[in-house]
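Inspection log for the structure reproduced underneath, given as structure tokens.
Each reported figure results from applying straightforward, stated rules to the coordinates on display, with no laboratory input. On a predicted model such as this, the values are computed, not experimentally measured, just so you know. Here the Cβ is made from the backbone with ideal geometry for all residues, glycine too, and neighbour counts use every protein chain on show.
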Amino acid sequence: MKITIDGPAGSGKSTVARLISLRLKIPYLETGTVYRAFAYILSREEENPNEERAVNLVRGRPLEVKMDVGSMEIHYKGKDITGELGGEDVGKVASIIASFPSFKEEINKYFREIVKGQAVIEGRDAGLYIFPDADIKFFITASPEERAKRRWKQLRDRGEEVSYEEILRSIRERDERDAKRSKYPFKPAEDALIIDTTNMTVEEVTTHILKEIYRCVSDM
Ligand code: DC
């Protein structure tokens with residue numbers, strides 16, 4: 001069974017997807033982190049990544065993505081780079097390369113290659129463009145202010161000093177850029193279950209999703 005969990009930055013989709021993977025004991029893929037890995041490699045090469053270089057990088061299949069139950073690691077040239085991908089700077093470059101249509105096509109092909117069987121696939125558009133045939137699709141969202149608050153707390157806990165206003169601005173900017181892409185704009189899949197988590201705890205969201213999955217399995 002393939003379960004996709006999509007949503008905008010700071011919606012809490014990663015936390016929830018990881019919990020669902022742990023509860024169901026099936027592997028987990030965080031697609032945004034793979035985007036970030038390519039962004040990280042590109043931004044170490046040059047300041048402004050270009051489309052051709054980004055596409056060629058994915059075509060070279062330079063990463064080793066280790067999907068596991070509740071966790072994922074990305075290795076590059078034999079080194080685990082997962083811990084270096086969480087910052088706002090890498091996220092910004094990831095959002096820029098995500099606006100290149102041919103890059104998106106290539107990375108989506110790559111995702112379909114690495115997800116062999118059952119998985120919880122988390123991302124922006126996993127149910128929309130990567131696995132449109134997924135068994136069950138969720139779209140998790142929250143207000144921009146709530147998402148900025150969550151992201152700010154997450155970065156603070158990691159020891160990064162960023163102002164709330166700056167994060168809110170960056171979230172709005174990224175939402176707009178992602179939604180306005182002429183090809184592959186960011187939006188929920190038509191058959192996705194939309195969950196607004198602004199006033200929900202992680203536990204409530206997880207329980208709600210699990211109930212929907214069990215209902216879907218019993219109907220299969
Ligand atoms: O979820 P995230 O913030 O780690 O993702 C970083 C960027 O990657 C995001 O701004 C858009 C892009 N992305 C995408 O276009 N499609 C995905 N499935 C995942 C991420």
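Using alpha carbons only, the radius of gyration of the chain set against its Kirkwood radius gives Rg/Rh = 0.94. Measuring between alpha carbons in the structure, the pairs from Lys137/Lys183; Lys66/Lys92; Lys104/Lys211; Lys13/Lys104; Lys2/Lys183 lying more than 28 angstrom apart are Lys104/Lys211. Among the trypsin sites (Lys or Arg not before Pro) within the range 148-214, those in coil by DSSP and having at most 11 neighbouring Cβ atoms inside 10 Å are Arg158, Lys183.
Across the range 128-133, rounded Karplus estimates of 3J(HN,Hα) from the backbone phi angles (6.51 cos²θ - 1.76 cosθ + 1.60, θ = phi - 60°) give 8, 10, 7, 10, x, 9 Hz, Gly and Pro being marked x. For the range 96-220, the residue among Ala126, Tyr164, Ile107 whose Cα projects farthest onto the positive side of the dipole built from Cβ charges is Ile107.
Taking every DSSP helix (H) stretch of at least 4 residues in the chain, weighting each as -39,500 (n - 2.57) and dividing the sum by the residue count yields a mean residue ellipticity at 222 nm of -16000 deg cm²/dmol. The residues neighbouring Glu212, those whose beta-carbon lies less than 14 Å from its own, together hold a net charge of 0 under the Lys/Arg +1, Asp/Glu -1 convention. Each principal axis of the Cα cloud of the range 89-220 was evaluated for its coordinate range; sorted largest first, these ranges are 47, 38, 25 Å. Considering all different alpha carbon pairs of the range 161-220, the Kirkwood hydrodynamic radius works out to 14.6 Å. Of all DSSP bridge pairs formed entirely within the chain, close to 35 percent run antiparallel.
Between Ile121, Ile81, Ile171, the GNM of the chain built on Cα springs shorter than 10 angstrom shows Ile81 fluctuating the most.
With a simple spin-label model that places each label point 7 Å from the Cα along the Cα-to-Cβ direction, the separation between Lys153 and Glu176 comes to 2.7 nm. The trypsin sites (Lys or Arg not before Pro) of the range 36-94 meeting both criteria, a DSSP state outside H, G, I, E and B (loop) and at most 13 other C-beta atoms within 10 angstrom of the site's C-beta, are Lys77. Think of each Lys and Arg Cβ as +1 and each Asp and Glu Cβ as -1; about the Cα centre, that makes the dipole of the range 1-111 roughly 520 debye. Expressed as a fraction of 2.2 N^0.38 Å, the value expected for a compact globular protein of N residues, the C-alpha radius of gyration of the range 1-95 is 1.12.
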